[in-house]
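Asks: First the structure, then my questions, so here it is.
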Amino acid sequence: MNGTPPPRLRPLGPGFDPETVPLEAPTGDPGAQVAGEQLQASALRARFAAPPSWVPEVRADQRRIETTIETRPAAVLVPLVQRQAGLTVLLTRRTSHLHDHAGQISFPGGRVDRGDRDVVHTALREAAEETGLPATHVEVLGLMPQYLTVTGYAVTPVVSLVRPGFTLALDAFEVEEAFEVPLAFLMDPRNHERRGIEAAGARRSFYAMPYEADGRRYFIWGATAAMIRNLYRFLAA
């Protein structure tokens, strides 16, 4: 990164349960629908090969205070699994004892290590380490704009198609479970919530995408929801 480093982020005040944060009243353009044919593998390949003119909606967590500490590069894999019924997004729930984002839902990924060739290598390596997803099943489509997290990482999402037939082997220390959400659900703006809270004298807003399946509830929010929202804007542009 050139010039002034992006701002370092840190939490505002004590922790809170994001599911209890009130919904904000809808304002502005809620977003257009993404047609079903746009969510097919061939259409996604074409979109990333010739990207439209668009602007990311969310570039960073709102909790920005310090500006003198450089952020650390990181990458996540956005795995779109090619299921017969349609593409799904592979997500993980982090274990509750981790220092950063314990218990939260996230994409597989992590910081860029010295030996990584680039952010694609980082995303593939971290996905293999965390979930056992083999790189041989992954077709990289392209990169999304960096997202700056509250923990000080500049995260590059690496969007990929995943060929079925893989067997996951979760890292029990980092990953509590892995699950899949239909891409059509996550790309429907009617499933995108905007929530807001006053904390430490400032207003904080974030996206959330609650999802229920097989009697389980998954509350997708924060950086993961923001990156999903940016992917939605990219496909809807």
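The values are calculated or read from the model by the stated rules, or taken from the named source; none is laboratory data. Model, not experiment: these values are computed from the prediction. Note that we place each Cβ from the backbone using ideal geometry, even for glycine, and neighbour counts take in every protein chain shown. Only protein heavy atoms, including side chains, enter the accessible area calculation; ligands, DNA and RNA are left aside. Shrake-Rupley method; radii C 1.70, N 1.55, O 1.52, S 1.80 Å.
Asks: If you go through segment 113-153, how many residues are within 23 Å of ALA169 (Cβ to Cβ), in a helix (DSSP H, G or I) and among the aliphatic types (A, V, I, L, M)?
Replies: Qualifying residue count, segment 113-153: 6.
Asks: Next up: Name the one entry in ALA60, ALA35 that is within 18 Å of the chain's Cα centre (by Cα), farther than 19 Å from LEU133 by Cβ and at pLDDT below 95.
Replies: Exactly one of ALA60, ALA35 is within 18 Å of the chain's Cα centre (by Cα), farther than 19 Å from LEU133 by Cβ and at pLDDT below 95, namely ALA60.
Asks: For PRO108, all conditions in the list (1) more than 21 Å from ALA225 (Cβ to Cβ); (2) surrounded by 17 or more Cβ atoms within 10 Å (Cβ to Cβ) hold save one; what is the number of the exception?
Replies: Only one criterion in (1) more than 21 Å from ALA225 (Cβ to Cβ); (2) surrounded by 17 or more Cβ atoms within 10 Å (Cβ to Cβ) is unmet by PRO108, namely (1).
Asks: Would you pick out the residues in segment 148-174 that are open to solvent by 60 Å² or more (accessible area, probe 1.4 Å) and over 16 Å from THR92 (Cβ atoms)?
Replies: Scanning segment 148-174 gives ARG163, GLY165.
Asks: Next question. Could you count how many residues in segment 189-211 are part of a strand (DSSP E or B) and among the polar types (S, T, N, Q)?
Replies: 1
Asks: Being under 20 Å from the mean Cα position of the chain (by Cα), farther than 27 Å from SER205 by Cβ and modelled with pLDDT of 95 or more, is that true of even one residue in segment 104-112?
Replies: yes
Asks: Pick from THR68, THR95: which is open to solvent by less than 20 Å² (accessible area, probe 1.4 Å), modelled with pLDDT under 95 and of a type outside the set (A, V, I, L, M)? Full working, then the answer.
Replies: Values: THR68 fails: open to solvent by less than 20 Å² (accessible area, probe 1.4 Å).
Result of the check over THR68, THR95: THR95.
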